[in-house]
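Take a look at the structure set out below.
The values are calculated or read from the model by the stated rules, or taken from the named source; none is laboratory data. These numbers were taken from a predicted model, which means no experiment stands behind them. Neighbour counts run over all protein chains shown; Cβ positions are idealised from the backbone, glycine included. Accessible surface is based on the protein model in full, side chains and every heavy atom, while ligands, DNA and RNA are left aside. Shrake-Rupley method; radii C 1.70, N 1.55, O 1.52, S 1.80 Å.
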Amino acid sequence: MLTFYNEQHSLHAGQAEMYRGALVPCFEKPERADFVLSELQRRNLGQIVIPQCVPLMSLERIHSQRYLEFLRHAWPEWVALDPANATRDALPSVWPVRTLRSDLEPVNFSAKMGLYSMDSGTPLTSGTWVAAKAGADCAVNAAHALRLGERGTFALTRPPGHHAGSDFFGGYCFLNNAALAAQHLLDDGARRVAILDIDYHHGNGTQSIFYERNDVLFISIHGDPRTEFPFYLGHADETGQGAGLGFNVNIPLPVGTGSATWLMALETACLRITANKVDALVVSLGVDTFAGDPISGFQLQSADYLRIGERIGTMALPTAFVFEGGYAVNEIGVNVVNVLEGFETAP
Ligand code: SP5
Ligand code: ZN
């Protein structure tokens, strides 16, 4: 397994997220990637390299220009409002919901934060742009290495990506790394790719990006959005639109779901991918499905992640894994590396 590591990830280190009226310490923190890196090294799962820089043009294949422009300049704009802001993260507080206009970009910084975001749980910090851009580099490099003949690659990066849409951040995500990887595979000659999203939370950003397209099959297994973040997307009746009809598959499962039920859902997802004859696979690899996760509700055990990796490996597709969520930091390394090792040892 060839790993592309974002060595700039810790430049994004939010202080707090809004939760039930209080600012609580961020769950999405630098230790997450540090623990995965050290477990990868300990178990000798192959080379770990730093990615090449990709041009902004590659990001524009997925994200709108005005959103990218906003992200790149957001921090200096925030600090320009008040020099004291240099010590504080920026969080949105007002949003253009139904009946309000989102076609016009406001001048006011707080109004722009709302236009380009979906929640108040995702602080924007001094290093957010640099960390997120280096993460996108990892994802695109991981995809490209498949075209060069690698069987499996891993983008070890944070912040995660699957909640980020073409023009908004949220759910701890800024740039949609999995979408960027899939788009790169297509631009580089693949005819159809699948994205399998096994993070606990529905990948609303990825779904929305590809919802009307038939060149990307998006399949997600996640906590039922009626009770779980991101709440407003991820239901089973969302099957795609227009040319994309039939190319979006959601498998929501109730809070409390354990290994047996979850693995049956994975079987359904894998059969669907195999039936669709895709050229490559991108896996949004979140391990917040773990029983010990502090913000999630599934009951998977560490050993299950070996089985998951094996089942994904059995599809025998060139596969790029992209790191997403998982907040039980003590077990995060074992759980992630178990998936990768399971994949490598698949028959
Ligand atoms: C990539 C990813 O996994 N994003 C998840 C974003 C979830 N944001 C909402 C988290 C709500 C925090 N709930 C705290 C529960 C404490 N018991
Ligand atoms: Zn998640």
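Things to note:
- Membrane-span-like helices in the chain, defined here as complete DSSP H runs extending at least 27 Å along the helix axis by their C-alpha atoms with mean Kyte-Doolittle hydropathy no lower than 0.0, are 128-147; this is a sequence and geometry rule, not a statement about a membrane.
- Debye intensity ratio I(q)/I(0), log10, the range 222-306, q values 0.10, 0.16, 0.20 Å⁻¹ (C-alpha model): -0.28, -0.72, -1.07
- Difference of contour (0.36 nm per residue) and Cα-Cα distance, residue 191 to residue 57: 46.2 nm
- Rounded if a/c under 1.5, otherwise prolate or oblate - the range 41-87, Cα gyration tensor axes: oblate
- Stretchable slack from residue 109 to residue 255, in nm (0.36 nm times residue separation minus alpha-carbon distance): 48.8 nm
- Summing Lys and Arg as +1 and Asp and Glu as -1 over all other residues whose Cβ lies under 13 Å from the Cβ of residue 322 gives a net charge of -3.
- Square roots of five times the Cα gyration tensor eigenvalues for the range 1-61, Å: 28, 20, 8
- Whole-number percent relative contact order across the chain, with pairs defined as alpha carbons under 8 Å at least 6 apart: 19 percent
- Heavy-atom accessible surface of the chain, averaged per residue, reaches 40 Å², computed with a 1.4 Å probe.
- Charge tally in the Cβ shell below 12 Å around residue 51, where Lys, Arg are +1 and Asp, Glu are -1, residue 51 excluded: -1
- Share of carbon and sulfur in the accessible area of the range 1-141 stands at 55%, probe radius 1.4 Å.
- Protection proxy ranking for 52-59, 175-182, using the average of other Cβ atoms within 10 Å per residue and placing the highest first: 175-182, 52-59.
- In this simple spin-label approximation, residue 97 and residue 150 carry label points 7 Å from Cα along the Cα→Cβ vector, and these lie 4.3 nm apart.
- Residue of 305, 232, 67 that the Gaussian network model of the chain assigns the largest fluctuation, springs spanning Cα pairs under 10 Å: 232
- Furthest towards positive pole of dipole, 142, 95, 107, structure part the range 68-169, Cβ charges: 142
- Of all accessible heavy-atom area on the range 226-270, the percent that carbon and sulfur account for (1.4 Å): 65 percent
- Rounded is the label for the chain, because a/c, from the alpha-carbon gyration tensor with a ≥ b ≥ c as root eigenvalues, stays below 1.5.
- The range 1-144, relative contact order in percent, only Cα pairs under 8 angstrom and at least six apart counted: 41 percent
- Among residues other than residue 242 with Cβ under 14 Å from its Cβ, the summed charge is -2 (Lys and Arg +1, Asp and Glu -1).
- A Gaussian network model of the chain, with springs between Cα atoms under 10 Å, assigns the largest mean-square fluctuation among 19, 200, 211 to 19.
- Relative contact order (%) - the range 154-299, alpha-carbon pairs under 8 angstrom, separation at least six: 24 percent
- Two-site label geometry, residue 84 and residue 274: point separation in nm, points 7 Å out along Cα→Cβ: 6.2 nm
- Shape of the range 120-217, Cα gyration tensor, a/c cut at 1.5: oblate
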